[in-house]
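One structure follows; several queries about it will come next.
The values are calculated or read from the model by the stated rules, or taken from the named source; none is laboratory data. All of these numbers come straight from a predicted model, not from anything done at the bench. Cβ placement follows ideal geometry from the backbone for every residue including glycine, while neighbour counts extend to all protein chains displayed. Side chains are part of the model used for accessible areas, which takes the heavy atoms of the whole protein and leaves out ligands, DNA and RNA. Shrake-Rupley method; radii C 1.70, N 1.55, O 1.52, S 1.80 Å.
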Amino acid sequence: MTTQTLTYAAPLLLDDPTLFIERAFVAGDWIAADHGATVSVTDPATGAVIGTVPACSADETRRAISAAETAQRAWRRLPVPRRCAVIEEWHRLIMANQTDLARIMTAEQGKPLAEAAGEIAYAATFVKWYAAEGLRVHGQEIASPFADRRILIRKEPVGVCAAITPWNFPAAMITRKAAPALAAGCAMVVKPSEMTPFTALALAVLGQRAGMPAGLLSVVTGLPAAIGPELTGNPAVRMLTFTGSTRVGAMLIQQCAGTVKKLGMELGGNAPFLVFDDADVERAVEGAMASKFRNAGQTCVCANRFLVQSGIHDAFVERFGAAVRALNVGAGTQEGITIGPLINDAARRKVADHVADALANGASIAAEAAAPEGFAAPVVLTGVTPAMRLCEEETFGPVAPVIRFETEEDAIALANATPYGLASYFYTQDMDRAWRVSEALEFGLVGLNTGAMAMECAPFGGMKQSGLGREGGAEGLEEFLETKAFHWAGLKTGL
Ligand code: SIN
């Protein structure tokens, strides 16, 4: 998808207006909330309300869970190729409606249209990949220690799953969970962020058109406090999968303890980006731009701390600064914009506070892009020290703090000095160092000479307080499967 094929005038002027739905999708029906309440959804670039969705409560959520139980019983019995054909058709429809889905996403999330179209394509890769991977769920026979016994290992779907998904990737964080769940034979109730429900609802429209049976994939819209406790407390939900902050993840883990659910937790990060003296500086800058400024810095894998060795520090900062100054900040609907708005006022305040704290403690601005009023300006800060707030907390914005280091040991110690362990990046051309550093970094994702690692075919997830489990790849399907051991004893096998 190139920017030329997109219409930049009015994002909600859709080729297929039926994709924009101001209803929740519960048990195969498009519904209002029982008590009629709604939540407004605003365009983060303008603050204008683009629509409303039902403020569902525990009642609608319970109905969605109950319908999912019924749908899942039939879905798990469907021959696997037929299940996977429905998922494959969902993929086809997502890509056929890529432009409209991108327009909806930009309107509610803010990211530039071309980037939103890129996210739709990224989201679709999970659907396609799991439509194929679902065909490859295998059991096993174990060598039996007894002549009259056979031991078989079977993989079975976990059952009804609930997904609580974030606003930063309104499509991909749903498909990365729903596609493997459905391929495994599970049903899913999705609670999208109240800030970006329309992309989720459009995906549900396409799922329905692809032939998903009623109740298999529900989308319950509204506020977390009204919906979350039912998802975490209802015993029929066998697994909760969540992407969001470590604070909320820890709370959800506690809420799920009472019914001992399986958990998938993609939580916060504090990614280090290491540049060693022997790095290819152009390549490092390219990776830094990709890692730091994707989605205006609002990703849990984006570089939060740049650790740069003394010998390359000035050259890196100069080239990085030039690339940052060239960023084009503005409303995602306008042509040529590369950085959209932050999601809301709280996000803007956090970014401003982090920059102010760093400047007050001795950092300085090495480069800054121009930004219209109300948008966060991308900035490179130098003279940063590890004790500053922006090194200890995830900034979730377009701020690149640079810390100078001297030795490899110092860099590894600094990189690992965080309770988080999601993504890490490093640049070197020395293969011995490449191996040493890859082993030493305590992160679920380690990128050598690349600023991008998330993809459908590889496991994505964190160590330490960055989460539990993996999404993507064969591991991402395994999360939605239970292992059952059949012991058949007393067999007259003739052995
Ligand atoms: C996230 O930030 O939550 C996910 C990022 C990705 O999929 O690359």
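Of all the Cα-Cα pairs you can form in the range 189-253, what percent are over 13 Å apart?
Details: 1408 of 2080 pairs.
When every Cα pair of the range 189-253 is considered, 68 percent fall beyond 13 Å.
Hey, what do the phi angles of the range 220-228 turn into as Karplus ³J(HN,Hα) couplings, whole Hz, using 6.51/-1.76/1.60 and θ = phi - 60°, x for Gly and Pro?
Running phi through 6.51 cos²θ - 1.76 cosθ + 1.60 with θ = phi - 60° gives 9, 9, x, 8, x, 5, 7, 10, x Hz.
In what sequence, highest mean first, do 126-134, 329-337 appear when ranked by Cβ atoms within 10 angstrom?
126-134, 329-337
How much net charge surrounds Gly118 when only other residues with a Cβ under 10 Å from its Cβ are counted (Lys, Arg +1; Asp, Glu -1)? Don't skip to the end; give the middle numbers.
Working: positive: Lys111, Arg294; negative: Glu115, Glu119.
Charge balance in the 10 Å sphere: 0.
Using only the Cα atoms, what convex hull volume per residue in Å³ does the range 1-153 have?
Values: hull volume 26.4 nm³, N = 153.
In the range 1-153, the Cα convex hull volume per residue is 173 Å³.
Please figure out what share of the DSSP beta bridges in the range 325-407 is antiparallel and state it in percent, rounded to the nearest 5. Before the final figure, lay out each step's value.
Numbers: 4 of 8 bridges.
Taking every DSSP beta bridge with both residues in the range 325-407, the antiparallel ones total about 50 percent.
Return the FRET efficiency for the residue pair Gln255, Lys492: r is the Cβ-Cβ distance, R0 is 45 Å, and the value is rounded to the nearest 0.05. Intermediate values should be presented prior to the final figure.
Values: r = 50 Å, r/R0 = 1.12.
After rounding, the FRET efficiency stands at 0.35.
How would you rank 424-433, 14-23, highest first, on the average number of other Cβ atoms within 10 Å across their residues? Mind dumping the intermediate values first?
Values: 424-433: 20.0, 14-23: 15.3.
Highest to lowest by the protection proxy: 424-433, 14-23.
Further question: Against the empirical 2.2 N^0.38 Å scaling, what ratio does the C-alpha Rg of the range 435-493 come to? Mind dumping the intermediate values first?
Values: Rg = 18.0 Å, N = 59, 2.2 N^0.38 = 10.4 Å.
That works out to 1.74 for the range 435-493.
Evaluate the distance, in nm, between pseudo-label points positioned 7 Å from the Cα of Ala74 and of Asp410 along their respective Cα→Cβ axes.
Roughly 6.6 nm, to one decimal.
Straight-line reach from Lys350: which lysines have a Cα under 18 Å away, not including same-chain ones fewer than 8 places off?
Lys292
Please list, by residue number, everything in the range 420-463 whose backbone N is under 18 Å from a paramagnetic label point 7 Å out along Cα→Cβ of Asn361.
420
Just add up the charged neighbours of Thr18: K/R +1, D/E -1, any other residue whose Cβ is under 13 Å from the Cβ of Thr18. Kindly include the intermediate steps, with their values, before the conclusion.
Working: positive: Arg23, Arg209; negative: Asp15, Asp16, Glu22, Asp100.
So the environment of Thr18 carries a net charge of -2.
What is the Å³ per residue value for the convex hull set by the Cα atoms of the range 241-281?
Values: hull volume 3.9 nm³, N = 41.
Cα-based convex hull of the range 241-281, divided per residue, equals 94 Å³.
Same structure, new question: Could you tell me which of rounded, prolate or oblate describes the range 151-278, using a ≥ b ≥ c as the square roots of the eigenvalues of the alpha-carbon gyration tensor, with rounded for a/c under 1.5 and, failing that, prolate when a/b is larger than b/c and oblate otherwise? Show your work: numbers first, answer last.
Values: a/c = 1.38, a/b = 1.27, b/c = 1.09.
Note, shape of the range 151-278 comes out rounded.
Would you please put 186-192, 148-154, 61-67, 227-233 in order of how densely packed they are, using the mean number of other Cβ atoms within 10 angstrom per residue and starting with the highest? If you can, show how the numbers build up before the last one.
Working: 186-192: 28.6, 148-154: 13.9, 61-67: 22.6, 227-233: 21.0.
Most protected by this proxy first, the peptides run 186-192, 61-67, 227-233, 148-154.
List the equivalent ellipsoid semi-axes of the range 93-188 in whole Å, largest first, each obtained as the square root of 5λ for an eigenvalue λ of the Cα gyration tensor. Each step should come with its number before you reach the end.
Numbers: eigenvalues 308, 33, 16 Å².
Result for the range 93-188: semi-axes of 39, 13, 9 Å.
Let me ask something else about it. With a ≥ b ≥ c taken as the square roots of the eigenvalues of the C-alpha gyration tensor of the chain, please select rounded if a/c is under 1.5 and otherwise prolate if a/b is larger than b/c or oblate if it is not?
Verdict is oblate for the chain.
Accessible area per residue, 1.4 Å probe, Å², for the range 1-137: what's the number?
Values: 5690 Å² over 137 residues.
Ligands and nucleic acids excluded, the figure is 42 Å² per residue.
Further question on the same structure: Which entries in the list Lys111/Lys262; Lys111/Lys177; Lys128/Lys464; Lys191/Lys261; Lys262/Lys464; Lys262/Lys492 go over 28 Å, if you measure between the two C-alpha atoms of each?
Distance filter (> 28 Å) returns Lys111/Lys262; Lys128/Lys464; Lys262/Lys492.
Also, I was wondering about something else. Just the number, please: carbon plus sulfur as a percent of the accessible area of the chain, 1.4 Å probe, no ligands or DNA/RNA counted.
55
Net charge within 11 Å of Gly461 by Cβ-Cβ distance, Lys/Arg positive one each and Asp/Glu negative one each, not counting Gly461 itself?
On the way: positive: Arg176, Arg470; negative: Glu266, Glu471, Glu475, Glu479.
Computed value for this residue: -2.
Assign one of three labels to the range 380-421, namely rounded, prolate or oblate, based on the Cα gyration tensor with a ≥ b ≥ c the square roots of its eigenvalues; rounded applies when a/c is under 1.5, prolate when it is not and a/b is larger than b/c, and oblate otherwise. Walk me through the intermediate numbers first.
Working: a/c = 2.20, a/b = 1.26, b/c = 1.74.
Note, shape of the range 380-421 comes out oblate.
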